[in-house]
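Please treat every number below as a calculation from the coordinates, not as lab data. In this text, all values refer to a predicted model and were calculated from it rather than measured experimentally. We place every Cβ from the backbone using ideal geometry, glycine too, and count neighbours over all the protein chains shown.
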Amino acid sequence: MTSMTPHVALVTGCSSGIGHATALALHRAGLVVYASARRPDTLADLAAEGIETVRLDVTDDESITAAVKRVTADRGRLDVLVNNAGYRLVGPVEEVPPDEVVRLFDTNVFGVVRLTYQVLPGMRERGYGRIVNLSSVFGRFTIPGGTYPAATKHAIEAFSDGLRLEVAKFGIRVVLIEPNSVRSRYDANAVWSGDPTKGPYAKFNADVARWHKALNSPPHNLAGRFQVSSEDVARVISRAVTSPRPRARYPVGKLAQPLFLLRRMLPDAVFDGFVRLQFPAP
Ligand SMILES: NC(=O)c1ccc[n+]([C@@H]2O[C@H](COP(=O)([O-])OP(=O)(O)OC[C@H]3O[C@@H](n4cnc5c(N)ncnc54)[C@H](OP(=O)(O)O)[C@@H]3O)[C@@H](O)[C@H]2O)c1
C-alpha cells in the first residue's frame with residue numbers, strides 16, 4: 001500500500017457519542033470510513049458528510065459478515081477496526097437478572113470478539129491492521145452498582161493484551177482506549193436494574209440514581225466535573241489510528257491516570273475506602 005492510499009476504517013456503534021464523533025474524526029483525518037449502527041437511519045448526518053454507512057449489530061453474526069464483506073468488496077481491504085459499540089448495565093450483582101448479564105457480555109465482549117475474528121485474516125494477510133477497543137477506567141477497577149459493565153471492560157483489557165502480543169508480528173496493532181466519564185448517550189442508553197423502593201439494596205439503588213444525576217447535572221460530583229466530550233475521545237482514537245507507533249493504552253480525561261495510579265499504589269483495603277468515599281455503596 002502506498003502512502004497515497006487512504007486507510008479504510010470500520011467503526012461500530014456510530015448512532016451517537018464516541019462512535020459518531022470517531023467516524024467524523026477519522027473521515028477528517030483522511031481515512032475512508034464505514035460508520036456502522038444497528039439502525040442505519042441514525043447515520044444520515046454522517047452519510048451527508050461523505051462517510052459510508054452500513055448496518056451492523058455486534059450481536060448478529062450475519063450483519064457483521066455482511067458489513068465486513070461490503071467494505072472489502074468496495075475497497076479491497078479493511079485496515080482499521082474501532083470496536084466502540086457498548087452499553088452500561090447498572091445495579092447490584094444480586095438484583096440484575098442473569099439474562100441481562102448475558103446480553104451485556106454478548107454486546108460489550110462477544111461483539112468485540114466476533115468483529116475481531118472477521119477482520120484478523122485479512123489484516124494478517126496484508127501485514128497491516130489497527131484494532132482499537134473501547135475500554136474504560138472501569139477496565140482497571142470496579143465500583144458497586146457497576147460491577148457487570150466493569151467486568152466486561154476488564155475482559156476487553158485482558159483480550160486486548162493477549163491479542164496484542166499474538167498479532168504484533170503480523171503488523172497488527174491492538175490499542176485500548178480508557179476514558180473516564182464521557183458526555184454521550186451512555187447514561188440515557190443505560191439499562192437499570194435494582195429496586196430503589198424495597199429490598200436489601202433499596203437505599204443503595206436510590207443513592208446510585210442520585211449519583212448518576214450528579215454526574216450529569218449541577219452540582220456535579222467528582223466524575224461529572226471531569227467528564228470529557230465524545231469529540232475529546234475521538235481525537236485520541238484518531239491519534240491512535242494514525243500514529244506510526246501507537247501505545248497499548250490511551251487513558252482519556254484528567255481523572256483516568258490518577259485513578260490508575262491510586263489503584264496500582266494503594267492496598268485493596270485502602271483503595272476500597274477511596275471508592276466508598278466517591279461512589280455509593282450498600
Ligand atoms: N460514556 C462514558 O462515560 C464512557 C466511558 C468509558 C467508556 N465508554 C465506552 O465507549 C463506548 C461508546 O459509548 P458512548 O459513551 O459513545 O455511549 P452511547 O452514546 O450510548 O453510544 C453507544 C453506541 O453503541 C451502540 N450499540 C449498542 N449496542 C449495540 C449493538 N448490539 N450493535 C451495534 N451497536 C450497538 C449504540 O447504538 P444504538 O443507538 O443502536 O443503541 C450507540 O451507537 C462504549 O463501549 C462504552 O462502554 C463510555
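Just subtract the alpha-carbon distance of Ala48 and Arg124 from 0.36 nm times their residue separation and send over the number in nm, one decimal.
Stretched out fully, the Ala48 to Arg124 stretch lengthens by 24.1 nm.
From the phi of every residue in region 32-42, what ³J(HN,Hα) in whole Hz does the Karplus formula 6.51 cos²θ - 1.76 cosθ + 1.60 yield, where θ is phi - 60° and glycine or proline is x?
3J(HN,Hα) across region 32-42, in whole Hz: 7, 10, 10, 8, 10, 7, 5, 10, x, 4, 6.
Out of residues 5 or more away from Arg183 or on other chains, whose amide H comes under 5 Å of its own, with H placed 1.01 Å from N in the peptide plane?
For Arg183, the qualifying residues are Val228, Ser229, Ser230.
Per-residue HN-Hα couplings for region 185-195, Karplus 6.51 cos²θ - 1.76 cosθ + 1.60 at θ = phi - 60°, whole Hz, x for Gly and Pro?
My calculation for region 185-195 gives 8, 4, 5, 4, 8, 5, 9, 9, 10, x, 9 Hz in order.
Using amide H atoms built 1.01 Å from N in the peptide plane, name the residues 5+ places from Tyr34, or on other chains, whose amide H lies under 5 Å from its own.
When sequence neighbours closer than 5 places are left aside, the close amide H contacts are Ala9, Leu10, Val11.
Treating the angle as unsigned and between 0 and 90°, give the value, to the nearest 10°, between the Cα long axis of helix 202-216 and the longest Cα principal axis of the chain.
Taking Cα atoms only, the helix is inclined about 50 degrees.
So what is the relative contact order for region 8-278, in percent, with contacts set as C-alpha pairs under 8 Å and at least six apart?
Numbers: 483 pairs, mean separation 51.9, N = 271.
The value is 19 percent.
What ³J(HN,Hα) values, in whole Hz, does the Karplus curve 6.51 cos²θ - 1.76 cosθ + 1.60 give for region 138-152 when θ = phi - 60°, with x put for Gly and Pro?
So the J values, rounded to whole Hz, are 7, x, 10, 8, 10, 10, x, x, x, 4, 5, x, 5, 4, 5.
Could you give the dipole magnitude of the chain about its Cα centre, charging the beta-carbon of Lys and Arg +1 and that of Asp and Glu -1, in debye to the nearest 20? Please list the in-between numbers first.
On the way: 35 positive and 27 negative charges, 191 e Å.
With only Lys, Arg, Asp and Glu charged at Cβ, the dipole is about 920 debye.
Order of 148-155, 38-45 by packing, highest average Cβ count within 10 Å first?
148-155, 38-45
When a footprinting reagent is the concern and you count Cβ atoms within 10 Å, what order do Leu261, Leu56 take, fewest first?
Leu261, Leu56
Check which residues have an amide H placed less than 5 Å from Tyr250's amide H, if you skip close sequence neighbours.
So Tyr250 has HN proximity to Leu176, Ile177, Glu178.
Given contacts defined as C-alpha pairs under 8 Å and at least six residues apart, what's the relative contact order of region 125-272, whole-number percent?
Value for region 125-272: 27 percent.
Distance between Cα centroids, region 180-217 to region 230-281: provide it in whole Å.
Cα centroid of region 180-217 versus Cα centroid of region 230-281: 21 Å apart.
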